Amino acid sequence: MDYKNISLIGFMGSGKSTVGKILAEKLGLIFIDLDKVIEMDQEKEISNIFKIHGEKYFRELETRVIKRIYKNKNCVFACGGGVVKRKENMDLIRKNSLVVYLNVLIDDIIYRLKEANGRPLVDVENKEETIERMMEERDILYRKYANIIINNDNYNPDRTVDKILSEIKR
Ligand code: S3P
């Protein structure tokens with residue numbers, strides 16, 4: 001491996017945390033969930049940060065955490081779904097890691113996010129429409145920033161990890 005970190009990007013519910021943990025374990029790397037770091041720093045859940053301070057404030061926290069946490073090496077990072085909204089984030093992430101986009105079909109995302117617990121941006125009345133609109137905007141960005149695109153429609157995280165491993169060993 002000639003890189004030191006791997007970052008998983010993709011929409012909410014695309015399986016970044018589940019896949020990331022298994023991938024880290026298989027490669028002997030440390031798993032870090034960026035949302036969890038923000039929650040620990042703030043001593044608040046993401047949904048409360050959104051509720052109290054709004055999205056803009058959350059994005060500032062996210063960028064601040066990225067600047068700090070990407071000094072680490074030998075990690076698998078699960079990034080929040082909105083990390084691609086700021087070029088500044090992605091410049092740093094791409095400079096310091098191999099970026100893997102976990103791509104999931106929109107219908108599966110909608111199904112997986114039905115309960116949207118703790119996910120403020122999709123905890124809305126017109127959930128399907130919101131997810132479709134966000135996915136349309138974001139998919140382009142995920143693809144643009146990814147070094148590798150992996151399909152994670154199969155509900156089998158181990159198989160997805162194997163696909164990632166065979167891609168990165170190429
Ligand atoms: C967000 C995704 C969430 C979290 C926040 C905003 C987004 O992370 O960072 O609610 O804008 O897509 P997950 O993708 O881990 O759910």
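No lab work stands behind these numbers, since they all come straight from the coordinates. Please read all numbers here as calculations on a predicted model, not as lab measurements. Ideal geometry is used to build each Cβ from the backbone, glycine not excepted, and the neighbour counts take in all protein chains shown.
Here are the numbers for the structure shown:
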quantity	calculated
The chain: most fluctuating residue of Met90, Met40, Met12 per GNM, C-alpha cutoff 10 Å	Met40
Inter-probe distance in nm under a simple model that places probes 7 Å from Cα toward Cβ, at Glu43 and Glu25	3.2 nm
Sparse-neighbour loop sites [chymotrypsin sites (Phe, Trp or Tyr not before Pro); region 5-51; at most 16 other C-beta within 10 Å; DSSP]	none
Net dipole in debye of region 5-162 [+1 Lys, Arg Cβ; -1 Asp, Glu Cβ; about Cα centre; nearest 20]	820 debye
Most positive-pole-ward Cα, Ile148, Asn72, Phe58, against dipole of the chain from beta carbon charges	Asn72
Virtual paramagnetic centre 7 Å along Cα→Cβ of Arg170, amide N under 16 Å, in region 73-116	98-103
Inter-label distance for Asn151 and Arg59, nm, one decimal - labels placed 7 Å from Cα along Cα-to-Cβ	3.3 nm
Region 25-119: GluC sites (Glu not before Pro) in DSSP loop, at most 14 other beta carbons within 10 Å	Glu43, Glu45, Glu115
Distance (nanometres) between label positions extended 7 Å along Cα→Cβ at Lys114 and Arg159	2.1 nm
Of Leu113, Leu61, Leu105, the one that fluctuates the most in a GNM where the chain has Cα springs shorter than 10 Å	Leu105
Distance histogram in 10 Å bins (all Cα pairs of the chain, percent per bin)	10, 41, 38, 11, 0
Contour minus Cα-Cα distance for Asp91 and Asp139 (0.36 nm per residue)	15.5 nm
